[in-house]
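This report concerns only the one structure given below.
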Amino acid sequence: MELRDAVAIVTGGARRLGRASALALAHAGCHVVVNHHRSPEAAADTVRDAHAIGVRSAAFQADVGDPEQARALVEFTLASFGRLDVLIANAGVFRRTPLAETTDTDWDDMLRGNLDTLFHLARFAAPHLRARHGAIVATADVAAIRPWGEYGPYAASKSALVGLVQGLAAELAPEVRVNAVAPGPVLFPPDYDPVLRQREIDRTALGREGSADDVAAAVEFLARSDYITGVVLPVDGGRLLYRT
């Protein structure tokens with residue numbers, strides 16, 4: 001797929017993995033719509049950096065777990081850019097939720113933030129992506145393949161996301177390719193226990209933490225690879241090679 005002059009939506013595109021993916025696509029010549037929920041300043045920074053690379057870009061505030069806001073994001077993209085070629089479904093929620101402490105809100109947040117965010121956008125974007133023979137790339141997690149204790153709702157939501165990615169890949173073929181990346185030890189939360197962080201790094205085959213750019217490179221690869229669909233690509237330094 002030729003990314004130069006294509007148009008992409010990147011959800012959660014203001015910071016961290018989303019920002020890196022938006023700028024990787026910009027470097028490939030893709031115009032980008034940077035979706036954010038509560039990060040207007042960071043979204044503006046990402047848009048400014050995309051402009052500096054030489055592509056068109058715009059920010060749009062939407063909680064894409066809400067169907068009407070997801071629809072509005074797609075409509076904004078079409079009105080502003082005239083087409084939609086790529087959807088990067090990166091928006092998500094992550095936090096520790098031991099079973100004894102998990103609330104109904106925790107469960108609902110994980111499903112809404114990690115699963116609904118792809119589902120609603122795919123519904124509204126699919127006709128336009130089909131017209132362009134486009135692509136969807138979602139952000140899953142190695143926890144979808146090998147869940148961790150005390151993160152049950154998160155792992156369940158990411159596992160369901162993988163199921164949705166593969167279902168969409170089957171349904172939208174041959175016009176639209178649908179894949180996912182599954183980051184491993186990449187961009188730990190700022191408050192993550194440093195002992196646990198080092199333990200995870202030590203358990204990778206490559207013995208180091210990954211970067212946002214590592215994930216963004218995989219996102220760009222899946223966006224442009226015409227003969228790959230329905231896959232989950234780990235970007236984990238070999239973490240899944242080890243069972244503990």
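Of the GluC sites (Glu not before Pro) found in region 168-244, those that fall in a DSSP loop while having at most 14 other beta-carbon atoms within 10 Å are Glu175.
When you work out D = kT/(6 pi eta Rh) for the chain at 37 °C and 0.692 mPa s, using the Kirkwood radius from C-alpha pairs as Rh and the Stokes-Einstein form, the result is 184 µm²/s. Residue by residue, region 24-40 carries 3J(HN,Hα) couplings of 5, 5, 4, 4, 7, x, 8, 6, 10, 9, 9, 7, 9, 9, 9, 10, x Hz when phi is fed to the Karplus relation 6.51 cos²θ - 1.76 cosθ + 1.60 (θ = phi - 60°); x denotes Gly or Pro.
Length gained on full extension, Ala217 to Arg130, computed as 0.36 nm times the residue gap minus the Cα-Cα distance: 28.9 nm. Label separation (Asp104 vs Trp148): 2.8 nm, computed from points 7 Å beyond Cα along the C-beta direction.
Values quoted throughout were computed directly from the atomic coordinates according to the rules given, and no laboratory measurement underlies them. These figures come from a predicted structure and were not determined experimentally. Ideal geometry is used to build each Cβ from the backbone, glycine not excepted, and the neighbour counts take in all protein chains shown.
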